[in-house]
Ligand SMILES: Nc1ncnc2c1ncn2[C@@H]1O[C@H](COP(=O)(O)OP(=O)(O)OP(=O)(O)O)[C@@H](O)[C@H]1O
Ligand code: SF4
Ligand SMILES: [Mg+2]
């Protein structure tokens, strides 16, 4: 089996997943309490008005028809119109997606680099004070709720020390705090497995063999060992992505950035279901694609996956 | 007198384990002469691999070197820093082929990459000659179709091929001393014979010194000039290959050679010596062989016999010799 065969197979396997994702996204809102039309029209709406609006949004059809219509529209890139803003969902998202993306990526970057570096040092100095310190700080950050950490940071660095702006998105310095909150919260998820995997790999025969050749230890760790721990680390990355996105939604609201997070929260409160569905679907598809990408990257790193792809 | 390239004196190594300290090496003494092949034999678990790894200071994390000296020329390897070992000793002076060839090659890098690491460090060749050097390294161990093979990954090779790649890789370091830990175990018999020829050639052409760890007495008789016999973390006897077969002095060596001769050529037959290998957590007091020795006398269970010289190139650790 060639490499392209592997890619095609992997692509085909995502189709049922994507269908499942759309189904769940669609159903979640229909089983959440609260009728969007009633919320829109307020407590004094007449039955008649309600019926008209329901028809307008297609809410009078049976559920499966609604789903198929919705899916058909989405396939044509038509995510519907926001009830609250009366603007196309895609437009609303487009205005805000950049902010969320930046926060997610910078948070991920911090957590992966910090976690990996700390994990590697912890492994190289196993059972030293450095190792224990790494464990302790990881546990510390991970046990504080994200929004709480965001508020504390804002208070200390924004309000008291005035190192960074208190809120809003006003250039590079305003990105530091939110990204740091996400980075610190997520870092443990990379530091722990990095340490464990590194310890395992450093015991492998090929590490001794490389050292027996006289290869510098820094190179042995940085090239021979690191490449071998990349696969579990990339798995972890794909696994944590939804959590990082969820985290940045929360953090972004605290920092009043007006990104997808605030849009999502406000839309949920207003039962603006086309927007909520659209955002959830976009996030879900992003996660699915990230996993797909991770699988394809595995095959670049590990030649055994390339060849055995057909059997796996 | 011949030059001594490696001299191990009173080497003691222990491992910390949950069950207690494993006294893996307890006063190992041996000398390897430059340009010779020196065999190291003994039952499984007697400390052969640990001896080899200690020379390169590549022991597992739970190991402790408790004492002794390892003279390489006039350097005591145990006194060098880790950096000095890395820079001056490993690879360019001493290289090692590890016992398990399956795990000794990094699965994520091509054969070419892994040999190139050695070539780039030690050959002094310009970059555009490296490929040629890698090719030659592979051909030296008689690997067929080396030009293609070098672009493969370890999992695409058989155990025997991996073992030969390992040897090629370590030879590409151009070491003075090669520690080969059972390098023929994964090879089938016909390839083994071929491989022994390869080593013989190397011996003649490169003036290579090899510390050859093995279970295989046939290989010892074909390749080695001198032999050290180990038992439970100690040296029982150091002698020439000729003496090993014609004039073994230690009761253990004697059993070893005679339980093997005429029956089978491998040391698996060792297990036929009555009694089992002692566990090294609580080794027997005195001579560690005494529970299995038919010649044991009272002192044997109390005092460890020191190694003493019987004749030039022949030392033995036994109260009765
Ligand atoms: N990391 C370790 N932790 C604990 N004990 C160890 C460790 N490594 C080796 N040992 C012990 O040290 C002793 C010597 O082991 P070694 O690997 O040198 O044996 P060997 O002579 O090479 O045997 P074989 O012929 O099976 O390769 C054994 O009893 C083994 O159990
Ligand atoms: S010292 Fe005693 S027990 Fe040990 S080998 Fe010699 S005779 Fe046997
Ligand atoms: Mg061994």
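No value in this document is a laboratory result; all are computed from the given coordinates. If you're wondering where the values come from, they're calculated on a predicted model, not measured in any experiment. A quick note on method: Cβ atoms are made from the backbone with ideal geometry, for glycine too, and the neighbour counts reach across all protein chains shown.
For residue B:120 and residue A:148, FRET efficiency with R0 = 56 Å and r from the beta-carbon atoms, rounded to 0.05?
0.60
Could you quote the convex hull projected area for the range A:126-211, Cα atoms only and averaged over all directions, in nm²?
That works out to 7.8 nm², a quarter of the Cα hull's surface.
Post the alpha-carbon centroid distance, the range A:193-238 to the range A:20-89, in whole angstrom.
52
Pull out a ≥ b ≥ c, the square roots of the eigenvalues of the alpha-carbon gyration tensor of the range A:67-197, then state rounded if a/c is under 1.5, prolate if not and a/b is larger than b/c, and oblate in the remaining case.
oblate
With every atom except the alpha carbons ignored, what do you get for Rg and Dmax of the range A:1-121, in angstroms?
In Å, with Rg to one decimal and Dmax whole: 20.9, 68.
With springs connecting C-alpha atoms under 10 Å apart, model chain B as a Gaussian network and identify which of B:90, B:127, B:242 has the largest mean-square fluctuation.
Answer for the Gaussian network model of chain B: B:127.
For helix A:3-30, what angle does its Cα long axis make with the longest principal axis of chain A, in degrees from 0 to 90 and rounded to 10?
Approximately 40 degrees, to the nearest 10.
How would you classify chain A from its alpha-carbon gyration tensor, with a ≥ b ≥ c the square roots of the eigenvalues: rounded for a/c under 1.5, else prolate if a/b is greater than b/c, otherwise oblate?
Cα axes put chain A in the oblate bin.
I need the calculated FRET efficiency for the pair residue B:242 and residue B:71, taking r as the beta carbon distance and R₀ as 35 Å, to the nearest 0.05.
Numbers: r = 26 Å, r/R0 = 0.74.
Using R0 = 35 Å, I get an efficiency of 0.85.
Between residue B:44 and residue B:113, 0.36 nm times their residue separation minus their Cα-Cα distance comes to what?
Value of the extension gain: 21.5 nm.
What residue among B:58, B:217, B:108 has the largest mean-square fluctuation in a Gaussian network model of chain B, using Cα springs under 10 Å?
Looking only at B:58, B:217, B:108, the biggest GNM fluctuation is shown by B:108.
Starting from the Cα of residue A:139, step 7 Å along the direction of its Cβ; do the same at residue A:31; then give the gap between the two resulting points in nm.
Rounded to a tenth, the inter-label distance reads 3.8 nm.
Once the mean 1/r over all distinct Cα pairs of chain B is inverted, what Kirkwood radius in angstroms do you read off?
Averaging 1/r across every pair of different Cα atoms and inverting gives 20.5 Å.
What does a probe at residue B:128 reach in the range B:135-151, counting residues whose amide N is under 20 Å from the point 7 Å along Cα→Cβ?
Residues B:135-136 qualify, since their backbone N sits under 20 Å from the label point.
Tally the DSSP beta bridges in the protein assembly as shown and give the antiparallel ones as a percent, rounded to 5.
Rounded to the nearest five, the antiparallel share is 65 percent.
Per-residue Cβ counts within 10 Å, from other chains only, averaged over B:106-116: what number is that?
Mean partner-chain Cβ count within 10 Å for B:106-116: 4.
Let me know the volume per residue of the alpha-carbon convex hull for the range A:91-271, in Å³.
135
Rounding to the nearest 10 and keeping the result within 0 to 90°, find how far the Cα-based axis of helix A:47-56 lies from the longest principal axis of chain A.
50
Could you please state, rounded to a whole Å, how far the C-alpha centre of the range B:20-97 is from the C-alpha centre of the range B:169-244?
16
Considering only DSSP beta bridges whose two residues both sit in chain B, what percent are antiparallel, to the nearest 5?
65
Neighbour counts of other C-beta atoms within 10 Å: give me A:295, B:16 arranged from fewest to most.
Working: A:295 20, B:16 13.
Starting with the residue having the fewest Cβ neighbours, the order is B:16, A:295.
Choose one answer from B:227, B:219, B:32: the residue with the largest mean-square fluctuation in a GNM of chain B with alpha-carbon springs under 10 Å.
Among B:227, B:219, B:32, the largest GNM mean-square fluctuation belongs to B:219.
With only alpha-carbon atoms counted, please give the Rg and Dmax of the protein assembly as shown, in Å.
34.1, 116
Given labels modelled 7 Å from the Cα in the Cβ direction, how far is it in nm from residue A:101 to residue A:85?
1.6
Taking the Cβ-Cβ separation of residue A:38 and residue A:196 as r and a Förster radius of 41 Å, what is the calculated FRET efficiency to the nearest 0.05?
That gives a FRET efficiency of 0.20.
What is the order of B:29, B:303, B:222, fewest Cβ neighbours within 10 Å to most?
B:303, B:222, B:29
Can you give me the distance in nm between label points at residue A:117 and residue A:163, each placed 7 Å from the Cα along the Cα-to-Cβ direction?
Going by the 7 Å Cα→Cβ label model, 1.5 nm.
Just rank A:6, B:122, fewest to most, by other beta-carbon atoms within 10 angstrom.
By the 10 Å Cβ count, ascending, the order reads B:122, A:6.
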